[in-house]
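Student: Have a look at this one before I ask anything.
The values are calculated or read from the model by the stated rules, or taken from the named source; none is laboratory data. Because the structure is a prediction, the values reported are computed rather than measured. In this analysis, Cβ positions are derived from the backbone assuming ideal geometry, glycine residues included, and neighbour counts consider all displayed protein chains. SASA here: full protein model, heavy atoms, side chains in, ligands and nucleic acids out. Shrake-Rupley method; radii C 1.70, N 1.55, O 1.52, S 1.80 Å.
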Amino acid sequence: MKLRFFGTDGVRGPYGGDLINEDFAARLGFAAARHFCGTLEPGARVVLGRDTRASGESLLEAVSAGVAAAGCRPLTVGVLPTPAVSCAVLDGGAAFGVMLTASHNPAADNGIKFFNSLGQKPSAADEAQIEALLPPVEQVLGTNRPAEMDGRGPYLKRLRAVLADSSLAGWTIALDTAHGAACATSRQVLEGLGATLVTLGDAPDGRNINDGVGSEHPEKLQARVSAAGARLGIAQDGDGDRCVLVDEKGVLLDGDEILAVLAVDALSRGLLANRTLVVTVQSNLGLDRAVEAAGGRVCRTPVGDRNVAERMRAEGAMLGGESSGHVICSDIVPTGDGLVAALRVIGVMLATGKPLSELRRVLVKAPQLSRALAVREKLPLDDLPNLRAEQQAIERELGTGGRLLVRYSGTEPKLRLLVEGPDVATVTSAMERLVNAAKADLDVQE
């Protein structure tokens, strides 16, 4: 299903551009309200939240105007992580929810994500219906300041219940919240459980979200963990729905390693629902081997946490995620939550008495390389003769001993390449060949 405006996670782009501006935000809010509230009584509740970007407040008020024009009642929870907005929709009996964020993108971007009444990401069919219901510009104008509601209190209560009271007393944890939406809530949860925090990325000014900090830039956190003698480090992204971790030695753990720790531990205690872990095609093959060796199975989906969540529901699974750090523990929160993932890993550390550097050994990764090439235009992959020929040749050479992925990002103008193989030399050579072929077919921005 080809969508005009929606990518893999909502609508996203530069603020002030063709998609992310107040006029389009109002139209999108109106269309979403018509779709999600079409058969409901007038005045249905709609939850709105945002991250710390300077453009967020005016965009939120524009969406609110569209929602109100469609006959619904917009309510704002203010600056909160994306998963907190998801929970507020579910807990508050709202018809749907809206989050104004561009996630891990720089501050110049913004975006619009939706949740259905269950706090779940909408399906592609939902998004197609929203696009079909977009009104003309002149039908929805202006902004609207919505009434406020408390989304923080219930969210904090939900997360603090993941671990026992005071269970982190005596722990030092390094926390990087990317100058984003989780700055206040993550601190409150961890300190409420007794942890002493060493923080960075916790001074948002509207322009510094994700700027050299957070899950995309964990280098400063790695240094801080080592310097502070912390038990671990937690790096979230700008809207708090993903994280990466740093062990006590300052070594980074990505989403695959987090999922391996959680899945294998749950299998050992008979607690992994349907003995199933759901991941995307992006995850390392070593994850399959680790889970299968522990008596479980791995299901793979196309890239995108929505795809993961949909497959989890179909399989009756409660754990899934992406190598990027989107981890869904659906028994706690309906969508990906970086802090929940971190708390669950801390729970394994507490239960086993093992440091993170030891727990991570459960995953032995297959040699893998990935590249993201910025491109001027996303030409159809089938129309790229050099890249297609090189991809087919490499796939023949790898056989069953590896794999490769070639795809465009759903949220950025980038071509993403991934190669896995039997050894580093093979993988490195294959990646070089793919990159050269891509440059022959596309206008790659160095």
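Student: What number of residues in region 331-352 are surrounded by fewer than 20 Cβ atoms within 10 Å (Cβ to Cβ) and of a type in the set (G, A, S)?
Tutor: Total satisfying the criteria: 2.
Student: Follow-up question, since we're still on this one. What's the total number of residues in region 353-362 that are in contact (Cβ under 8 Å) with a residue 60 or more places away in the chain, over 22 Å from V189 (Cβ atoms) and open to solvent by 20 Å² or more (accessible area, probe 1.4 Å)?
Tutor: 2
Student: Okay, next question. How many residues are surrounded by 23 or more Cβ atoms within 10 Å (Cβ to Cβ) and over 9 Å from T280 (Cβ atoms) when one looks only at region 307-316?
Tutor: Final tally of qualifying residues: 2.
Student: Within the bounds of region 164-183, is there any residue that is surrounded by 13 or more Cβ atoms within 10 Å (Cβ to Cβ) and assigned to a helix (DSSP H, G or I)?
Tutor: yes
Student: Let me ask something else. Is it the case, given these coordinates, that K378 is touching a helix residue (DSSP H, G or I) at 6+ places or on another chain (Cβ under 9 Å) and either without any contact (Cβ under 8 Å) to a residue 60 or more places away in the chain or open to solvent by 60 Å² or more (accessible area, probe 1.4 Å) (or both)?
Tutor: no
Student: Tally time: how many residues in region 331-359 are in contact with a helix residue (DSSP H, G or I) (Cβ under 6 Å, 6 or more places away or on another chain) and among the hydroxyl-bearing types (S, T, Y)?
Tutor: Number of matching residues: 1.
Student: Follow-up question, since we're still on this one. So, in region 402-435, how many residues would count as being without any contact (Cβ under 8 Å) to a residue 60 or more places away in the chain and among the β-branched types (V, I, T)?
Tutor: 5
Student: Looking at this structure, is R300 open to solvent by 10 Å² or more (accessible area, probe 1.4 Å), under 20 Å from R403 (Cβ atoms) and either of a type in the set (V, I, T) or in a strand (DSSP E or B) (or both)?
Tutor: yes
Student: Might you let me know whether region 249-261 holds any residue that is more than 14 Å from L356 (Cβ to Cβ) and either aromatic (F, W, Y) or part of a loop (DSSP other than H, G, I, E, B) (or both)?
Tutor: No, region 249-261 has no match at all.
Student: Another question, if that's okay. Among the numbered conditions (1) in contact with an Asp or Glu (Cβ under 8 Å, 6 or more places away or on another chain); (2) open to solvent by 30 Å² or more (accessible area, probe 1.4 Å), tell me where T400 comes up short.
Tutor: Of the numbered conditions (1) in contact with an Asp or Glu (Cβ under 8 Å, 6 or more places away or on another chain); (2) open to solvent by 30 Å² or more (accessible area, probe 1.4 Å), the odd one out for T400 is (1).
Student: Let me ask something additional. So S226 ticks every box in (1) modelled with pLDDT under 95; (2) within 17 Å of L339 (Cα to Cα) but one. Which box is left unticked?
Tutor: Status for S226: all satisfied but (2).
Student: For region 7-35, which positions are open to solvent by less than 20 Å² (accessible area, probe 1.4 Å) and hydrophobic (A, V, I, L, M, F, W, C)?
Tutor: V11, I20, F24, A25, A26, L28, F30, A31, A32, A33
Student: Among what's in region 36-49 and is open to solvent by less than 50 Å² (accessible area, probe 1.4 Å) and modelled with pLDDT of 95 or more, pick the residue that is nearest to the chain's Cα centre (by Cα).
Tutor: Here the answer is G49.
Student: Would it be correct to say that V63 is closer than 18 Å to M149 by Cβ, part of a strand (DSSP E or B), of a type in the set (A, V, I, L, M, F, W, C) and touching a residue at least 12 places away in the same chain (Cβ under 8 Å)?
Tutor: Judged against the criteria, V63 is not a match.
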